[in-house]
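Q: Pasting a structure here, questions to come.
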Amino acid sequence: MSDCLLINVFNVDAALAVGRAKGFFAAGSLDVDVMVTPNSTEQMRGLGKNSWQIVSTAFDNVLGWSGREGAEIIALAKVSEGVTLPVYVRPEIKTWDDLRGKALAVDAVDTAFALVLRRMLFAHGLQMERGDYSLIAKGTTGFRLDSMITGETFAGVLNSPWDAKAAAAGMVRFADHREVLPDYPGGVYAVSRAWAAENRHLLLKFLSVWTRALSFALDDKNRAEALAIVAAAEKLDDKAAARKLAQLPKSGVLNLSGLQCVLDLRVMFNLTPPMGKHLASYVDQSFYREANQ
């Protein structure tokens, strides 16, 4: 009998797609189902309530939600790297100052890419606390783009594959996060600390199989097959599938300096997480290490 896992994601990482399509999880007696979240609030609240067991998310969501409604949440493994977070604007926006007084689209106003956007605006003399602009919570990237197209909002972080759709819709790429946050990390797998403690064997099995799928996807001799799997799973063209594959990390070992950067950003905006300022409260690499001994 297979163990069942429900994983909640913003998008399916290439290793997860490969593991499911190749039957690696099934061979490991794991029935892995995937649910795409409409926004980070629903994703993280559901994790705390055990509506799903694992999430693939931005580390800032771990910081913002650990201890917020009771559940302690921890990051276990890195699922992506080299991810660029581009800011797109409506075509009438020509300078940063043109965003003054405008509404900007974010997932949620106090987490993840919203803070990246705020940091970029801060570098160009615009501060939300001063009323220079407002943030509107629209959910995931597709909803943010729709809001910009209709003219409800004027800028937002639109990451791949929506960046290409944004350009096709006439939006203009303005900048990206590397200007001010060069070490900002990619996504992580995260779980409730309590669930992980009670289901350590199941979690180790998942991480072990996911790592096997990661190795398969990174092997050059499997590139064509991995690209086809990713394209089919995410309904991407060849170029976007290749970009997704290129975002896979060499391993799931967490980028601690990058994660510290995310925590520092929260503290900068007076959004210190409920569990405090110490990074160790939000990560546990022992599961990944044990799964790959």
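Q: If Asp107 passes every condition in (1) open to solvent by less than 10 Å² (accessible area, probe 1.4 Å); (2) modelled with pLDDT under 95 but one, which one does it miss?
A: (1)
Q: Considering only region 141-180, state which residues are assigned to a loop (DSSP other than H, G, I, E, B) and either over 21 Å from Arg266 (Cβ atoms) or at pLDDT 95 or above (or both).
A: If we filter region 141-180 for residues that are assigned to a loop (DSSP other than H, G, I, E, B), which is where we start, we get 151-154, 158-161, 169-171, 180.
Within region 141-180, Gly151, Glu152, Thr153, Phe154, Leu158, Ser160, Pro161, Ala169, Gly170, Met171 qualify.
Q: For region 65-86, name all the residues that are closer than 21 Å to Leu135 by Cα, surrounded by 24 or more Cβ atoms within 10 Å (Cβ to Cβ) and not aromatic (Phe, Trp, Tyr).
A: Within region 65-86, none qualify.
Q: Do we have Val89 as crowded, with 22+ Cβ neighbours inside 10 Å and within 22 Å of the chain's Cα centre (by Cα) here?
A: Yes, satisfied.
Q: Please verify whether region 268-280 includes one or more residues that are out of contact with any Leu (no Cβ under 7 Å at 6 or more places or on another chain), surrounded by fewer than 20 Cβ atoms within 10 Å (Cβ to Cβ) and closer than 24 Å to Met35 by Cα.
A: no
Q: Which pairs do you get when a residue that is under 14 Å from Pro38 (Cα atoms), found in region 132-147, comes within reach of a residue that is among the small types (Gly, Ala, Ser) and open to solvent by less than 30 Å² (accessible area, probe 1.4 Å), reach meaning Cβ atoms under 7 angstrom, with the pair 6+ apart or on two chains?
A: Cβ pairs passing all conditions: Ala137/Ala108; Lys138/Ala105; Lys138/Ser147; Arg144/Ala105; Arg144/Gly156; Leu145/Ala166.
Q: Scan region 14-56 residue by residue and report those that are closer than 20 Å to Tyr288 by Cα, open to solvent by 10 Å² or more (accessible area, probe 1.4 Å) and not small (Gly, Ala, Ser).
A: If the condition is that a residue be closer than 20 Å to Tyr288 by Cα, open to solvent by 10 Å² or more (accessible area, probe 1.4 Å) and not small (Gly, Ala, Ser), then Arg20, Phe24, Asp31, Val32, Trp52, Gln53 are the ones that fit.
Q: Can you pull out the residues in region 37-68 that are farther than 12 Å from Asn8 by Cβ and touching a strand residue (DSSP E or B) at 6+ places or on another chain (Cβ under 7 Å)?
A: Phe59, Val62, Trp65, Ser66, listed by residue number.
Q: On the basis of being charged (D, E, K, R), within 30 Å of Ala166 (Cα to Cα) and surrounded by fewer than 17 Cβ atoms within 10 Å (Cβ to Cβ), does Asp220 make the cut? Give the derivation first.
A: Values: charged (D, E, K, R): yes; within 30 Å of Ala166 (Cα to Cα): no; surrounded by fewer than 17 Cβ atoms within 10 Å (Cβ to Cβ): yes.
Against the criterion (charged (D, E, K, R), within 30 Å of Ala166 (Cα to Cα) and surrounded by fewer than 17 Cβ atoms within 10 Å (Cβ to Cβ)), Asp220 does not qualify.
Q: If Ala58 meets every condition in (1) at pLDDT 95 or above; (2) within 22 Å of the chain's Cα centre (by Cα) apart from one, which number is that one?
A: Answer for Ala58: the failing condition is (1).
Q: Among the residues of region 233-252, write down those that are open to solvent by less than 70 Å² (accessible area, probe 1.4 Å), of a type outside the set (Ser, Thr, Tyr) and either over 14 Å from the mean Cα position of the chain (by Cα) or on the phi > 0 side of the Ramachandran plot (or both).
A: Ala233, Glu234, Leu236, Ala240, Ala241, Ala242, Leu245, Gly252
The values are calculated or read from the model by the stated rules, or taken from the named source; none is laboratory data. For clarity, every value in this text was computed on a predicted model and none was experimentally measured. Neighbour counts are summed over all protein chains in view; Cβ atoms, including those assigned to glycine, are modelled from backbone coordinates with ideal geometry. The accessibility values were calculated without ligands, DNA or RNA, using every heavy atom of the protein model including side chains. Shrake-Rupley method; radii C 1.70, N 1.55, O 1.52, S 1.80 Å.
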